[in-house]
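Working notes for the structure below.
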Amino acid sequence: MNDIIDKISGFVWGPVTLVLIVGTGLYLTIRLGFLQFRTLPYALRLAFSPTRQDKKSKGDISHYQALTTAMAATIGTGNIVGVATAVVLGGPGAVFWMWISALFGMATKYSEALLAVKYRVVNSKGEMSGGPMYYLERGLKAKWLGVLFAIFGAIAAFGIGNMVQSNSVSDALERSFNVPPWATGIILTILTGLVILGGIKSIGRVTAFFVPIMALLYVIGGLIIVAMNIDTVPSVIGLIFEDAFTGSALGGGVLGTVIRYGVARGVFSNEAGLGSAPIAAAAAKTDYPGRQALVSMTQVLIDTIIVCSITGITIVMSGLAGSGLEGGDLTAASFSTFLGDTGGYIVTIGIVLFAFSTLVGWSYYGEKCFAYLFNDKAIPYYRVVFVLAVMYGAIEKLGVVWGIADIMNALMAFPNLIGLLGLSGVVVYETKKFLKVAKEEKEERKQASRAS
């Protein structure tokens, strides 16, 4: 059974899927006139400036809370374990191709969020519901694709967004601190229940506080390592760039393998093109779809260009990629090379915090997929089952569960990419409309500044 699932997973995450995801990002980048580069400073101000948070428009949570909810789901074990796997299997050059996938992925993430806000609906509880299932149904007029996406998303939420994460936490705590899995399961189950049973507003408040702290803890640890070895940074960056185009670090110099693993782990980490994050974007208080879309776009920058780079550069700098260590063990050993036991603890705590945040973020994604398939009355039952699944994941071996979840995660991309390509004209139109508004707002601020 495991062999069959592994083969299916290898196919759905293979070159065809990756070319479609990156190709869609490239296509949208060109159609939008390289928007992610032109508007990035403005997008960051929208995301993080308290004065730019829209409090009056329709929605359930702020721009910032929508961003941190999406980041909670995407900044996960992929940033620690996935990057390590990419460097081992693809060589140092894989880090470069992670960066490339992220730069194009920003245009994809922008487009997903814009469509999610434009085609969102108000549910029976007066809350916003949106995401690929709604823009496939209401925008593309293809409800069957929306149903497919919701099925894949609902299943993936229990695997990649739940049991796999709690299993990673219990393994890390048992390995580093000898905490029994059942104890980890009980604590995780209680904490997850306390957060998600309150719905998106509760999730938004928790992630707004929790996500910056967990990301900063990990990033600061990595930056200390970089600062301690600043003289070697140019050679490490040079090796990453050289290997990206030669594959020389691998036996036989297989360049395609370097690109494949770099792109695959980049997409796995930031989820651009998979259609998950726009579900959170749809809940944001915003007057124009383009405004929240720019905020959502910054998620890819933070997730891959910043957090994943810390992991990748530290591993390459340590020289342990060929040591036989894999995944989280390799990342922990790399941090420990420079920071001693403290480095290992930083990685372990990072895995715990990142995995818990993924649990919280994906609970909302799965909930919305479940509600789309059935109705809003089913949500309380979904939440209870989701919380119980956390305990199961913490104490059981999950080989088959991981494989099935991995497949469902990849399958989410296909209906979503069809929607993005089919509705790209809508994305361009809404973008032009909002950028005109943003330009007028800028002029008004200048005039107000001169007047004062």
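Check whether at least one residue in the range 107-117 is farther than 30 Å from residue 188 by Cβ, part of a helix (DSSP H, G or I) and over 19 Å from the mean Cα position of the chain (by Cα), and report yes or no. Spell out how you get there, then give the answer.
Initially, the range 107-117 is screened for residues farther than 30 Å from residue 188 by Cβ, giving 107-108, 110-111, 114-115, 117.
Next cut, part of a helix (DSSP H, G or I) only: 107-108, 110-111, 114-115, 117.
Filter once more, keeping what is over 19 Å from the mean Cα position of the chain (by Cα): none.
Checking the range 107-117: not a single residue is farther than 30 Å from residue 188 by Cβ, part of a helix (DSSP H, G or I) and over 19 Å from the mean Cα position of the chain (by Cα).
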Note on the range 169-207: residues surrounded by fewer than 19 Cβ atoms within 10 Å (Cβ to Cβ), among the aliphatic types (A, V, I, L, M) and in a helix (DSSP H, G or I) are 183, 186, 187, 190, 191, 194
Output the number of the condition that residue 299 fails; it satisfies all remaining conditions of (1) within 20 Å of residue 241 (Cβ to Cβ); (2) in a helix (DSSP H, G or I); (3) not β-branched (Val, Ile, Thr). (1)
Only one of (1) without any contact (Cβ under 8 Å) to a residue 40 or more places away in the chain; (2) under 30 Å from residue 407 (Cα atoms) fails for residue 38. Which number is that? (2)
For residue 426, state whether it is in contact with a helix residue (DSSP H, G or I) (Cβ under 7 Å, 6 or more places away or on another chain) and open to solvent by 10 Å² or more (accessible area, probe 1.4 Å). yes
Residue check for residue 420: on the phi < 0 side of the Ramachandran plot, open to solvent by less than 10 Å² (accessible area, probe 1.4 Å) and in a helix (DSSP H, G or I): yes
Number of the condition not met by residue 127 [criteria: (1) open to solvent by 40 Å² or more (accessible area, probe 1.4 Å); (2) farther than 24 Å from residue 36 by Cα; (3) modelled with pLDDT under 95; (4) touching a Gly at 6+ places or on another chain (Cβ under 7 Å)]: (4)
Taking the range 183-241 and keeping residues touching a helix residue (DSSP H, G or I) at 6+ places or on another chain (Cβ under 7 Å) and of a type in the set (S, T, N, Q) leaves 184, 189, 192, 202, 207, 229, 232
Among the residues of the range 149-157, is there at least one that is at pLDDT below 90, open to solvent by 30 Å² or more (accessible area, probe 1.4 Å), closer than 19 Å to residue 271 by Cβ and not charged (D, E, K, R)? yes
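Residues are listed down the side, and each one gets a yes or a no for (1) crowded, with 24+ Cβ neighbours inside 10 Å; (2) closer than 22 Å to residue 111 by Cβ:
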site: 256; (1), (2): no, no
site: 296; (1), (2): yes, yes
site: 305; (1), (2): no, yes
site: 323; (1), (2): no, no
site: 326; (1), (2): no, no
site: 332; (1), (2): yes, no
With the structure loaded, tell me whether residue 446 is closer than 30 Å to residue 123 by Cα, out of contact with any Asp or Glu (no Cβ under 8 Å at 6 or more places or on another chain), in a helix (DSSP H, G or I) and open to solvent by 40 Å² or more (accessible area, probe 1.4 Å) or whether it fails that test. no
Residues in the range 262-283: is at least one surrounded by fewer than 24 Cβ atoms within 10 Å (Cβ to Cβ) and in contact (Cβ under 8 Å) with a residue 24 or more places away in the chain? no
Screening 88, 95 for residues that are outside any loop (DSSP other than H, G, I, E, B), buried (at least 18 other Cβ atoms within 10 Å of the Cβ) and over 19 Å from the mean Cα position of the chain (by Cα) leaves only 88
From the option list 4, 8, single residue qualifying as assigned to a helix (DSSP H, G or I), in contact (Cβ under 8 Å) with a residue 24 or more places away in the chain and surrounded by fewer than 20 Cβ atoms within 10 Å (Cβ to Cβ) is 8
Quick one: would you say residue 144 is of a type in the set (Phe, Trp, Tyr), closer than 29 Å to residue 395 by Cα, open to solvent by 10 Å² or more (accessible area, probe 1.4 Å) and at pLDDT 90 or above? no
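Looking only at residues in the range 334-382 that are of a type in the set (Phe, Trp, Tyr) and free of Cβ contacts under 8 Å to residues at least 60 places away in the same chain, which one is surrounded by the most Cβ atoms within 10 Å (Cβ to Cβ)? Full working, then the answer.
Here is the first cut: in the range 334-382, the residues of a type in the set (Phe, Trp, Tyr) are 335, 338, 345, 354, 356, 362, 364-365, 370, 372, 374, 381-382.
If we keep only those that are free of Cβ contacts under 8 Å to residues at least 60 places away in the same chain too, we end up with 374, 381-382.
On the way: 374: 14, 381: 11, 382: 21.
Filtering the range 334-382 for residues that are of a type in the set (Phe, Trp, Tyr) and free of Cβ contacts under 8 Å to residues at least 60 places away in the same chain, the one surrounded by the most Cβ atoms within 10 Å (Cβ to Cβ) comes out as 382.
The values are calculated or read from the model by the stated rules, or taken from the named source; none is laboratory data. In this text the structure is predicted, and so the values were computed from the model without any measurement. With ideal geometry, Cβ positions are generated from the backbone for all residues, glycine too; neighbour counts draw on all protein chains shown. The accessibility values were calculated without ligands, DNA or RNA, using every heavy atom of the protein model including side chains. Shrake-Rupley method; radii C 1.70, N 1.55, O 1.52, S 1.80 Å.
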